[in-house]
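Student: Let me begin by handing over the structure; questions about it come next.
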Amino acid sequence: MNRPSNERYQGRFTAPERKSARRITGGTLALLILFLSLARLGVETLKLLAYADVFIGGGRMLIYGDVHNVDMGDSVNGVPIVDEVPTGTDDYILRLNDGTTIVYQGHTYELNRDLTTVLFLGIDHEIQETDVIGTGGQSDVILLIAIDTNTGETTILNIDRNSYAQVEIYSADNKYIGTRFEQITVAYGYGNGRETSCENTVRSVSRLLFGLPISSYLAMDMNGIQSANEAVGHVTLNSLIDVTMKDGVTFKKGDPIELQGAYLDRYIRTRGHDLEANTKRMERQKQYVSEFAKLAVAKSREDLTFPVDLFSSLAPYMVTNLDIPDVTFLSSTFLNHGATFSFRGISGTYGKLGGSTVCYLDETDLFEAVLQIFYTMVD
């Protein structure tokens with residue numbers, strides 16, 4: 001596998017101008033309140049499609065329908081990305097319609113315009129605004145959630161915090177310096193600990209994914225994760241490792257653990273010092289997210305307003321550009337289409353760079369993950 005170089009990214013990613021968000025109108029808000037009221041009364045005749053029409057008509061457009069260009073770059077692991085069929089070679093990736101159509105290994109893929117994406121970041125520092133760049137923490141968990149609003153198919157792309165990626169660098173007083181390759185986790189630190197930290201991470205993840213747009217972000221600190229865990233009634237799972245808690249209690253691999261308080265923190269955050277320590281931690285985080293989702297879905301089926309109530313209660317511990325109408329729409333989409341999801345990881349190799357562990361992602365696997373999740377094969 002070829003390690004990425006700075007040259008691969010030069011001039012590749014230019015963030016498109018963001019359209020101003022269309023805010024929810026008074027009429028839409030009234031219908032939203034009606035929806036929530038009916039949900040509380042247990043009326044299930046108000047279908048998702050009707051609400052989706054309301055949402056798209058008056059709220060903020062979340063889905064990929066308005067995406068017209070994806071800057072895929074020049075190559076994938078040495079295989080050129082071209083805009084017309086070349087002569088003299090069969091080894092190429094054809095980019096059509098400004099990157100919204102891709103021909104790869106004899107198949108044609110089109111951008112799935114029914115998708116919405118949410119970048120979830122688990123922050124290792126209490127979320128609070130800071131005036132000093134570099135003091136706002138890092139993103140220990142990076143999950144890109146892709147929801148097909150037509151079919152409900154949901155995929156969570158698990159991105160290693162140590163991924164070697166292009167990051168925008170700023171001085172302590174917020175002066176832009178340039179870009180360089182770092183662990184992608186540090187992108188969050190080059191911001192104000194809130195919105196600009198999230199936006200910087202979004203740009204790095206988008207670059208990593210060949211210029212794919214990311215619709216929304218939600219960053220949460222450990223206090224928020226603890227609070228969400230309490231709200232669903234504590235996750236219990238079988239330990240994937242031997243682990244000793246801070247109070248001295250030891251759990252062997254396979255033992256059941258009820259995760260609450262310090263036990264939750266210890267289980268999902270602890271890691272060793274070997275090169276693949278974060279990979280093992282990601283497996284535990286994946287396990288936790290899966291079990292948490294089961295409890296959250298059960299709560300939501302009992303009370304359809306649970307996702308909105310939970311979202312509102314977590315406001316002190318998170319920063320996001322989602323609002324209540326967004327969350328209502330997305331949770332309804334997910335619940336009404338079966339409430340299931342799958343994980344997708346990306347293979348890579350580990351090494352040391354300046355004393356830090358970095359993960360060099362396999363570009364071919366990364367590109368194929370983009371096609372699998374964000375595009376639809378049409379032939």
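The values are calculated or read from the model by the stated rules, or taken from the named source; none is laboratory data. In this text the structure is predicted, and so the values were computed from the model without any measurement. A quick note on method: Cβ atoms are made from the backbone with ideal geometry, for glycine too, and the neighbour counts reach across all protein chains shown.
Student: Among the residues of the stretch 77-130 satisfying the criterion of being of a type in the set (D, E, K, R) and more than 21 Å from GLY211 (Cα to Cα), which is surrounded by the most Cβ atoms within 10 Å (Cβ to Cβ)?
Tutor: The residue in question is ASP124.
Student: If I filter the stretch 297-337 down to residues being over 22 Å from ASP221 (Cβ atoms) and touching an Asp or Glu at 6+ places or on another chain (Cβ under 9 Å), which single residue comes out as surrounded by the most Cβ atoms within 10 Å (Cβ to Cβ)?
Tutor: Taking the candidates together, the pick is THR333.
Student: Now for a separate question. Sort through ILE241, ILE346 and tell me the only one that's touching a residue at least 24 places away in the same chain (Cβ under 8 Å), β-branched (Val, Ile, Thr), under 28 Å from GLU126 (Cα atoms) and not in a helix (DSSP H, G or I).
Tutor: On inspection, the qualifying residue turns out to be ILE241.
Student: Another question, then. Is at least one residue of the stretch 111-120 modelled with pLDDT of 95 or more, over 27 Å from VAL327 (Cα atoms) and among the hydrophobic types (A, V, I, L, M, F, W, C)?
Tutor: No: zero hits.
Student: Further question on the same structure: Exactly one condition in (1) part of a helix (DSSP H, G or I); (2) in contact with a Ser or Thr (Cβ under 8 Å, 6 or more places away or on another chain) is not met by TYR360; state its number.
Tutor: Going through the list (1) part of a helix (DSSP H, G or I); (2) in contact with a Ser or Thr (Cβ under 8 Å, 6 or more places away or on another chain), TYR360 breaks only (1).
Student: Here is a further query. Any idea which of THR149, THR135, THR155 is surrounded by 18 or more Cβ atoms within 10 Å (Cβ to Cβ), polar (S, T, N, Q) and modelled with pLDDT under 95?
Tutor: After ruling out the rest, the residue left standing is THR149.
Student: Ok, one more. If ARG194 passes every condition in (1) basic (Lys, Arg); (2) farther than 27 Å from SER331 by Cβ; (3) in contact (Cβ under 8 Å) with a residue 24 or more places away in the chain; (4) surrounded by fewer than 23 Cβ atoms within 10 Å (Cβ to Cβ) but one, which one does it miss?
Tutor: (2)
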